[in-house]
1. Restricting to the stretch 16-39, count the residues that are assigned to a helix (DSSP H, G or I) and within 12 Å of the chain's Cα centre (by Cα).
2. Would you please list the contacts, defined by Cβ atoms under 7 Å and residues six or more apart or on different chains, that run from a residue in the stretch 61-75 that is over 14 Å from K14 (Cα atoms) to a residue that is at pLDDT below 95 and acidic (D, E)?
3. Of all residues in the stretch 2-19, which are in contact with a Leu (Cβ under 9 Å, 6 or more places away or on another chain) and farther than 13 Å from S47 by Cβ?
4. Just the residues that are within 11 Å of T4 (Cα to Cα) and loosely packed, with under 13 Cβ neighbours inside 10 Å, please, taken from the stretch 33-47.
5. Could you list, ordered by first residue, the pairs with Cβ atoms under 9 Å in which the first is in the stretch 19-34 and of a type in the set (K, R) and the second is surrounded by fewer than 11 Cβ atoms within 10 Å (Cβ to Cβ), at least 6 apart or interchain?
6. Restricting attention to the stretch 4-25, report how many residues are farther than 20 Å from S68 by Cβ and surrounded by 14 or more Cβ atoms within 10 Å (Cβ to Cβ).
7. Farther than 17 Å from N5 by Cα, among the acidic types (D, E), touching a helix residue (DSSP H, G or I) at 6+ places or on another chain (Cβ under 7 Å) and outside any loop (DSSP other than H, G, I, E, B), is that true of E60?
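The values are calculated or read from the model by the stated rules, or taken from the named source; none is laboratory data. It should be emphasised that the depicted structure is a prediction, and the values quoted were computed from it without experimental measurement. Note: ideal-geometry Cβ built from the backbone for every residue, glycine included; neighbour counts use all protein chains shown.
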Amino acid sequence: MYTTNACSSCRMVKQYLASKDLKYKEINIQDHPDKASEAFEVSGQMSVPITVVKQGSLREIIVGYNISKLASAII
């Protein structure tokens, strides 16, 4: 998940994933500005959060706080 420090949507996605006992890797693009271009390449978006859900060879990209998409991606 790509995040920034002041992103309230990022905090809400992290809380949602924690409530489901799901582990995730956080990449804070403020702390690691070299990862900002990677985040854009993954999503085509400049906003965060960008959540990448991988299941086997499948990968779903969810931009923003979208619980319905997150819920369907983690099933």
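1. Initially, the stretch 16-39 is screened for residues assigned to a helix (DSSP H, G or I), giving 16-19, 33-39.
Narrowing the set further to residues that are within 12 Å of the chain's Cα centre (by Cα) leaves 16-17, 39.
Selection size over the stretch 16-39: 3.
2. Note: pairs meeting the criteria are A73/E60.
3. Across the stretch 2-19, the qualifying residues are Y16, L17.
4. P33
5. none
6. 1
7. Values: farther than 17 Å from N5 by Cα: yes; among the acidic types (D, E): yes; touching a helix residue (DSSP H, G or I) at 6+ places or on another chain (Cβ under 7 Å): yes; outside any loop (DSSP other than H, G, I, E, B): yes.
The answer is yes for E60.
Residue-wise test of (1) touching a Ser or Thr at 6+ places or on another chain (Cβ under 6 Å); (2) within 17 Å of I74 (Cβ to Cβ).
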| residue | (1), (2) |
| --- | --- |
| A6 | no, no |
| L17 | no, yes |
| K25 | no, yes |
| H32 | no, no |
| P49 | yes, yes |
| G56 | no, yes |
